[in-house]
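Only one structure is covered here, and it is reproduced in the block below.
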Amino acid sequence: MPRIKSPHVLVAESGADRAGHGLKRTMGLFHLVCFGVGAIVGTGIFVGLSDSVAEAGPAVVVSFALAAVTCVFTAFAFAELGGAIPVSGSSYSFAYAGLGETTAFLVGWCLLLEYGVSVAAVAVGWSQYVNELLDGVLGIQLPHALSAGPGDGGAVNLPAVVVIALACVLLVRGVRESARATAAMAVLKLAVLVAFLAIGFTAFEDGNLSPFSPAGLGGIGAGTTAAFFSYIGFDAITTAGEEAKNPRRDIPLAILVCIGLVTVLYCAVALAAIGAIGGDEVGGRPAALSYVVDQVTGSTAGGAVVAFGAVVAIASVVLAVMYGQTRILMSMSRDGLVPRVFEKVSPRTATPVAGTLIVGAVFALPAAFAPLDAVVDLCTIGTLATMAVVNIAVLALRRREPSLARAFRVPLYPLTPVLGIACCLYLMYETGAETWIQFAVFLVAGAVVYALYGRRNSRLAATGGVTPDAAERAPREA
């Protein structure tokens, strides 16, 4: 039998008043929505748009819509479980309650990959736009040796390290400060993207959308897989379960608002960019949005404004994703599956200071030195696998815990989670055989780590997973 932890115990063990786990509930709905936008909107649209356009051409709008459909189905699942089990562990905790400890550990293992590669890739994208901003404002650029890793012909990507360090500083200062910074950055980058739309659509020409799908259905499918990377991060909202003021109501609502807002924004930006200068000009071009504005306005000033928005936007993604990673590691540490250093919370700042600094140091290494193109597909397939597991967890918990309090319920159950699983599997298939082999090796490595460390140190196995204070509170949480 799998080691399964009751949702009531998960909620009870994560109580904010519990000694040693003093997270504070300071985030309202607005902060959660801004946190979600902060986690999603960044490299995917400012940097990754050109990759998606290179695959699908103007039909990238369809690719974004298809990627959104996958996310919507899974967003429903996250909304149900995020409201019913409002804890910091996100997919990891949902898998623990629905499918058991082994699956939960492997989900946490995949989340390490998802968030680690995301932060590193985002930090590298930030470096590109820093150079674009410096060029537009001061007419200078950082030396290539210090602004690109060895894989890109440089020596070390210092700006990528700097943005990760800045995120660490904000995160260890406190959740309230981080939430305020994330909200301010989210509003600013939305304003910049709206300004981009206003500029791009003034130069819109129908002829730039033809041929609409130069690579056919295969190109749309490949573009959908590339576009999916742009949506990674919405699940980070559920990692704020222990720091939200009203998590059962606000987390489901924040997830759905974010997905709807981001989808409309992505499709509109793609249309404006391609309609202004054509898909061939956008596809494969670094800092594509700045280039579009420069071409439309005939000046580098507008591109510099977009570059500034990108610098802010991408920094907010680093902040939000690193926040989510530290909270997931905290949940895994509570369960004994990773070292206990990750569960320690500073009584002064109410944040996991040591865990945050470790995460920052580990994520900075690939951002500074490693070529990331080879592992982006691996990150995508790992993310899709965790999303499929969350949909399966909805099915499992509906059957095992029918009386569990659910502030939001997946519509058209069980069709919606089944479609969510199918969409995830389709996009996983599109990543190709080589990526599947890499993913299999990655999962085997995770299984070995679990067998050698996690299974032996599991508190669920040692104590039944219920501390005395959790056991006392569990009936009230139910």
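The values are calculated or read from the model by the stated rules, or taken from the named source; none is laboratory data. Remember, predicted model here, so these are calculated numbers, not experimental data. Don't worry about glycine lacking a Cβ; one is built from the backbone with ideal geometry, like all the others, and counts go over all protein chains shown.
What about Ala198, is it without any contact (Cβ under 8 Å) to a residue 24 or more places away in the chain and under 18 Å from Val264 (Cα atoms)? Considered against the rule, which asks whether it is without any contact (Cβ under 8 Å) to a residue 24 or more places away in the chain and under 18 Å from Val264 (Cα atoms), Ala198 comes out as yes. Counted as qualifying within the stretch 128-223 are the helices (runs of 4 or more DSSP H) with 2 or more residues that are in contact with a Ser or Thr (Cβ under 8 Å, 6 or more places away or on another chain) and over 25 Å from Pro371 (Cα atoms), namely 158-173, 175-202. In the stretch 28-95, counting only helices (runs of 4 or more DSSP H) that sit wholly within it, the ones holding 2 or more residues that are over 11 Å from Ile251 (Cβ atoms), touching a residue at least 24 places away in the same chain (Cβ under 8 Å) and of a type in the set (Ser, Thr, Tyr) span 49-56, 60-84.
Within the bounds of the stretch 191-207, is there any residue that is of a type in the set (D, E, K, R), at pLDDT 85 or above, under 30 Å from Met330 (Cα atoms) and surrounded by fewer than 16 Cβ atoms within 10 Å (Cβ to Cβ)? Before you say what the answer is, go through the steps one by one.
Residues of the stretch 191-207 that are of a type in the set (D, E, K, R), as a first pass: 205-206.
Retained after the next criterion (residues that are at pLDDT 85 or above): 205-206.
Filter once more, keeping what is under 30 Å from Met330 (Cα atoms): none.
Within the stretch 191-207, none of the residues are of a type in the set (D, E, K, R), at pLDDT 85 or above, under 30 Å from Met330 (Cα atoms) and surrounded by fewer than 16 Cβ atoms within 10 Å (Cβ to Cβ).
Out of everything in the stretch 217-245 that is closer than 16 Å to Leu113 by Cβ and of a type in the set (Phe, Trp, Tyr), what residue ends up being surrounded by the fewest Cβ atoms within 10 Å (Cβ to Cβ)? Residue satisfying both the conditions and the ranking: Phe229.
Leu397 passes every criterion in (1) at pLDDT below 90; (2) over 16 Å from Leu166 (Cα atoms) apart from (1). Residues in the stretch 79-101: is at least one small (Gly, Ala, Ser) and either in contact with a strand residue (DSSP E or B) (Cβ under 7 Å, 6 or more places away or on another chain) or more than 30 Å from Leu395 (Cα to Cα) (or both)? No: zero hits. Taken as a whole, the structure places His31 among residues that are out of contact with any Gly (no Cβ under 9 Å at 6 or more places or on another chain), at pLDDT 75 or above and under 30 Å from Leu197 (Cβ atoms).
Conditions tested, residue by residue: (1) modelled with pLDDT of 95 or more; (2) aliphatic (A, V, I, L, M); (3) part of a helix (DSSP H, G or I); (4) surrounded by fewer than 18 Cβ atoms within 10 Å (Cβ to Cβ).
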{"site": "Ile381", "(1), (2), (3), (4)": "no, yes, yes, no"}
{"site": "Ala393", "(1), (2), (3), (4)": "yes, yes, yes, no"}
{"site": "Ala407", "(1), (2), (3), (4)": "no, yes, no, no"}
{"site": "Tyr413", "(1), (2), (3), (4)": "no, no, no, yes"}
{"site": "Ala447", "(1), (2), (3), (4)": "yes, yes, yes, yes"}
{"site": "Ala461", "(1), (2), (3), (4)": "no, yes, yes, yes"}
{"site": "Asp469", "(1), (2), (3), (4)": "no, no, yes, yes"}
{"site": "Glu472", "(1), (2), (3), (4)": "no, no, yes, yes"}
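Among the residues making up the stretch 246-268, a single one is free of Cβ contacts under 8 Å to residues at least 40 places away in the same chain and either buried (at least 24 other Cβ atoms within 10 Å of the Cβ) or small (Gly, Ala, Ser) (or both): Gly260.
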